[in-house]
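All remarks here apply to the structure that follows.
The values are calculated or read from the model by the stated rules, or taken from the named source; none is laboratory data. Because the structure is predicted, anything quoted here is derived from the model rather than measured. Quick reminder, even Gly has a Cβ in these numbers, built from the backbone with ideal geometry, and neighbours come from all protein chains shown. Quick note on the areas: whole protein, heavy atoms, side chains included, nothing else; ligands and nucleic acids left out. Shrake-Rupley method; radii C 1.70, N 1.55, O 1.52, S 1.80 Å.
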Amino acid sequence: MAVDGCGVVCKYILIIFNIIFAVVGFAFLGLGLWLRCSENTRGIFTIGDPDSSTFVIGVTVMIALGIVMLIVVLFGDYGACSEKRCALQVFSVLVFLLAIAEFAVAGLAWSNRMEAGLQLGKFYVSLYERYVMSQDPAIGVILTFIQNSLHCCGITGISLIEIVKQTCPKPSSFMEHFTMDSCPGTIVTVFDSRTPLVMGIFIGTGALLITALVCAGCLLEQIKKAHQQINTYYSNVY
């Protein structure tokens, strides 16, 4: 069964959306499982140390989010490529729930931005401590991503004594060869000092989810019309 018009456009938009979601989902799931199962960090999940609770929660969220995203991709790709209404309906429900959750998190992050910054700062410190002890490459990748995104360097920010300076971004000025902003302080204040950027990320993600939801609805309508046309044709013929 073939769709035309906006149905074709929406079909390819959904495929692109699912490719993006698949890449991000595999990244979250892969890193989360690595941190959960690695010999360097596996023991953290069994000893029940309160000091490691932030790290455990962060890794658990990464794994759960990766699984959910891949489930969404499974239904979305199957529904868009095979034009199956049932799969698209499940995909629409999942995307709708994700959109609600995303806007709820955005609202909570905005209203409790200092607390959110503190919790993310604690998560960074837990990653930092685990990397110093284990030199785990997966944690190194996460630290590198965070530090390059925020342009900060470790807990101290002083390159001469910073233990994880190999994961820090390249200096952009002469003074940054000696000192950069420390990451915990940058993370704590990022929701205040870079509020437009943070909210822009939330709004952009929400817009992407809503676009996928609208396209799924449009494609469902086109598939329904195609079914009706086929039924009408065979009713007239026979």
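Filtering 81, 86 for residues that are touching a residue at least 12 places away in the same chain (Cβ under 8 Å), closer than 30 Å to residue 10 by Cβ and loosely packed, with under 15 Cβ neighbours inside 10 Å leaves a single hit, 81.
Yes or no: residue 1 under 27 Å from residue 220 (Cα atoms) and either open to solvent by 50 Å² or more (accessible area, probe 1.4 Å) or modelled with pLDDT under 85 (or both)?
Details: under 27 Å from residue 220 (Cα atoms): yes; either open to solvent by 50 Å² or more (accessible area, probe 1.4 Å) or modelled with pLDDT under 85 (or both): yes.
Yes: the conditions hold for residue 1.
Does region 119-140 contain any residue that is in contact with an Asp or Glu (Cβ under 7 Å, 6 or more places away or on another chain) and within 28 Å of residue 34 (Cα to Cα)? Looking through region 119-140, at least one residue is in contact with an Asp or Glu (Cβ under 7 Å, 6 or more places away or on another chain) and within 28 Å of residue 34 (Cα to Cα). When region 21-41 is filtered for residues that are surrounded by fewer than 19 Cβ atoms within 10 Å (Cβ to Cβ), in contact (Cβ under 8 Å) with a residue 12 or more places away in the chain and either β-branched (Val, Ile, Thr) or under 15 Å from residue 73 (Cβ atoms) (or both), the ones remaining, listed by number, are 22, 24, 26, 27, 30.
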